[in-house]
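What follows is a short report on a single structure.
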Amino acid sequence: MPQLNKTHDPSLQSWVASANDGSTDFPIQNLPFASFRRRGSNEAMRGGVAIGDQILDLKAAAQSGVFSAEVQPALEAAAKDKLNEFMAMGKTAWSGLRAALSSALGAGSALEASLKGCLVPQAEAEYGMPCVVGDYTDFYASVYHATNIGALFRPDNPLLPNYKWIPIGYHGRSSSIGVSGQSFPRPCGQTKAPDAAEPSLGPCKRLDFELEMGVFIGAGNELGETIAIDDAEDHIFGMCLFNDWSARDIQAWEYQPLGPFLAKNFASTISPWIVTTEALAPFRAAFSHPAEDPQPLPYLDSDANNAEGGVDVALDVLIQTAAMREAGEAATSLATSNFKYSYWTMAQMVSHHSVNGCNMQPGDLLGTGTLSGPNAEQACAMIELTCGGKNPVTLPNGESRAFLEDGDTIVIRGFCQREGAARIGFGEAAGTVLPAKV
Ligand code: CA
């Protein structure tokens, strides 16, 4: 587990004034990474670190020549258009660059004059995928979501017997993962209504979101090697917000016996910023399974994982319909939850994923699965919020939704807050549904 150090000191201030207001997602204690350029420009994408409402352009910072020779290789790797090379360097390099950036952006830093010209306002930026995602795996780590969904798909047998033993997952598709701001056409697919004799092809009628978090692999493992649970966090670069858009009517017809396929691979949206595992150190949470549940097998069990394998990340999913957008109304909350409700920790997911010798690679993305909590208002997909569409949600402007309609924008936000630590946030992952291409 990353340890607390001087980069987490809540009293640290930055010479970038907007980082010090106490409400920004990006105080100097956060320092997340993204790939960006000025919006609408032909500039090359490059690495950046968020600080207040600004981005420190890492390519410009690397060219300024003011960083030490020791940290320069990590800085140059993080300055590239994709973070994979930096991710592959491992935690000593990540931690070294974080310490150098914390010092360089700190109030009173001698580098202020040199780095002032390396700032780009976030309001003027556009973002790309932060890394090449070679492989994407989606887990199913909320027992509440698994039980609620299972009850809708299999009323007589909601939670299958393997659920409390195995971190359930499936291999997804990385080509359709996009960064916040993504829009995509409503998917078409084969569906079969319960009372229909045969299936038919057409636009999805039960389009949904899934509030998840994403876990980015940093340093990988060789094919045939396993990652022990107490080493797993050394392989995790950081986390983002993640919306795993889902076509429930396509899913219901296609999912047996091999699981999710075209209901899941038409679009997935991540937040542009990757919050590093080290930045999350003040917000770790204890992990346990209820005493009456099966306890994890030894390869999924460790004292460190029990003590602080979880992470306390408050999550919010909001909707802005086309009518709301036209009326100038802000997005309104549909549900709130927390990553700490996950039935499995990040370390357990990584350890399980490699237990058969599967090689994880820098930039691989693990979705956590929909992070529904124990209460009804913590249901993090429309299918749960509306009981399979039976109880539509009424929005403040009088519109109602059973599932998503064309023009709807879904926004996911997340932040960490704890006494004695500086509040840090993840920014947002926003995506918009366009009409089907028929
Ligand atoms: Ca999912």
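Listed by chain and number, the lysines whose C-alpha is less than 18 Å from the C-alpha of K340, apart from same-chain residues fewer than 8 away, are K164.
D21: accessible area at probe 1.4 Å, nearest 10 Å²? The accessible area comes out at roughly 100 Å². Computed with a 1.4 Å probe on the full set of protein chains, the accessible area for I168 sits at about 50 Å².
Amide H contacts of L241: G214, S271, each under 5 Å away and 5 or more positions distant or on a separate chain (H built 1.01 Å from N in the peptide plane; Pro and chain starts excluded).
Per residue, what volume in Å³ does the Cα convex hull of the chain take up?
Details: hull volume 65.6 nm³, N = 438.
Hull volume normalised by residue count: 150 Å³.
Taking a straight Cα-Cα cut-off under 30 Å and skipping sequence neighbours fewer than 8 places away in the same chain, the lysines within cross-link reach of K116 are K6, K59, K80, K82, K91.
Quickly rank 66-77, 346-357 as a protection proxy: mean count of other C-beta atoms within 10 Å, highest first.
Order by mean packing, descending: 346-357, 66-77.
Between the DSSP loop rule and a limit of at most 12 other Cβ atoms within 10 Å, which GluC sites (Glu not before Pro) in segment 262-364 are left? Loop-located and lightly packed - E292.
Going by accessible area, probe 1.4 Å, with all protein chains left in place, what is the ranking of Y144, Y343, largest first? Write out the running numbers ahead of the final one.
On the way: Y144 80, Y343 15 Å².
Ranked from most to least accessible, the order is Y144, Y343.
A 1.4 Å probe run over the protein chains yields, for the chain, 41 Å² of accessible area per residue, whole-number rounding. In this simple spin-label model, placing a label point 7 Å from the Cα along the Cα-to-Cβ direction at both S109 and D312 gives a separation of 2.9 nm. Potential lengthening of the chain between A196 and N359 amounts to 54.3 nm, from the contour at 0.36 nm per residue minus the alpha-carbon distance.
The values are calculated or read from the model by the stated rules, or taken from the named source; none is laboratory data. If you're wondering where the values come from, they're calculated on a predicted model, not measured in any experiment. Heads up, the Cβs are rebuilt from the backbone with ideal geometry, glycines too, and the neighbour counts pull from every protein chain shown. Ligands, DNA and RNA are excluded from the accessible area calculation, which covers all protein heavy atoms including side chains. Shrake-Rupley method; radii C 1.70, N 1.55, O 1.52, S 1.80 Å.
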